[in-house]
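Reviewing the structure listed below.
The values are calculated or read from the model by the stated rules, or taken from the named source; none is laboratory data. Predicted, not measured: the structure shown is a model, and the values here were computed from it. Don't worry about glycine lacking a Cβ; one is built from the backbone with ideal geometry, like all the others, and counts go over all protein chains shown.
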Amino acid sequence: MALIQWYPGHMVKGKRLVEENIGLVDVILELVDARLPLASRNPDIKSLTERKPRIVLLNKCDLADPTQTKRWLQWFTEQGEIAIALSSTTGENLNRLPNAVQPLAAEALQKWVNKGRKPRAARLMMVGIPNVGKSSLINQLIGIRKAAAANRPGLTRQIQWVRIRGDMDLLDMPGILMPKINDQTVGMKLAATGAISDEVYNLEEVGRFLAAWLAVAYPKMLTERYHLAEPLLMDGELLLEQIGRNRGCLVAGNLVDLTRTSQMVLDDFRSGKIGRISLELPPVSVKLEV
């Protein structure tokens, strides 16, 4: 398994910006990917912002397995954290944010007034790793296309204040990935979701990993999407071979173009075309309430 690491210079600057501006805000909005809530959570961000009230936002819940998302929400509750599953694409659950923020910001706002200042809006800081949908979420919250958004990591490079629904002021920060990814399985999953630039890893290796993982965790979705025979008793490369052949991803000599096939599988996963899939389960068993 090739080593996956990605920590360009602008992320160092992003970390510094969080440190310099943390005193300006009342509440932290920590955005994670609902498909892998812990793997997409940068421990550095948590430590930098730990003295502020926090809401964990599980974004892209429309792409995640709803059963697992429910388990994750219960797990966060058990850890004493406030978590909301939402979607920056569909707008699902965005209306829950103002009511969640107000009690957390109340103490800071009261202290502000007690100093003889005019009442002000709650101030929030949105943080997270790259490509978890921060810019798209901001666009949903302000109702217009103001924050640049694209499905590639590392887009936001500067900080900006915006007024969002619920009369709150939001400070958007650049995405910050962890400086070192020690668990390369985590690296593979982050690459699969697009949190790591496609230019820094072996596309075929991540494609093989994702295909093999889906064959175990979501075999029915994989077989239906690519018309595969069950059971899927083959490794990732053989799976890619079969998927590519079924989809006509061929080159001279009737050989399968594994790079093109890998890109197709990754694109289908990222867009939800394979189905609603979670790549990570809560670290402890969670019993769902009926």
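Points worth noting:
- Considering the stretch 62-88, and only residues there that are β-branched (Val, Ile, Thr) and farther than 23 Å from residue 217 by Cβ, the residue that is surrounded by the fewest Cβ atoms within 10 Å (Cβ to Cβ) turns out to be 77.
Yes or no, residue by residue, for (1) basic (Lys, Arg); (2) outside any helix (DSSP H, G or I); (3) in contact with a Phe, Trp or Tyr (Cβ under 7 Å, 6 or more places away or on another chain):
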{"position": "22", "(1), (2), (3)": "no, no, no"}
{"position": "41", "(1), (2), (3)": "yes, yes, no"}
{"position": "47", "(1), (2), (3)": "no, no, no"}
{"position": "87", "(1), (2), (3)": "no, yes, no"}
{"position": "116", "(1), (2), (3)": "no, yes, no"}
{"position": "121", "(1), (2), (3)": "no, yes, no"}
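- Every condition in (1) under 20 Å from residue 258 (Cβ atoms); (2) assigned to a helix (DSSP H, G or I); (3) of a type outside the set (Ser, Thr, Tyr) holds for residue 196 except the one numbered (2).
- If you go through the stretch 49-60 and keep only what is more than 19 Å from residue 189 (Cα to Cα) and assigned to a loop (DSSP other than H, G, I, E, B), you end up with 49, 50, 51, 52, 53.
- Against the test of being modelled with pLDDT under 95, among the small types (Gly, Ala, Ser) and surrounded by 12 or more Cβ atoms within 10 Å (Cβ to Cβ), the options 147, 122, 105 yield a single qualifying residue, 147.
- Selected residue [surrounded by 16 or more Cβ atoms within 10 Å (Cβ to Cβ), within 19 Å of the chain's Cα centre (by Cα) and modelled with pLDDT under 95] from 186, 265: 186
- Scanning the stretch 216-229 turns up one or more residues that are under 21 Å from the mean Cα position of the chain (by Cα) and not acidic (Asp, Glu).
- Criterion: of a type in the set (A, V, I, L, M), in contact (Cβ under 8 Å) with a residue 12 or more places away in the chain and assigned to a helix (DSSP H, G or I) - qualifying residue of 29, 73, 63: 73
- Residues satisfying the stated conditions in the stretch 202-260, i.e. of a type in the set (Val, Ile, Thr) and farther than 23 Å from residue 191 by Cα: 251
- Scan the stretch 231-254 for residues that are in a loop (DSSP other than H, G, I, E, B), within 31 Å of the chain's Cα centre (by Cα) and either at pLDDT 90 or above or closer than 17 Å to residue 275 by Cβ (or both) and the total you get is 3.
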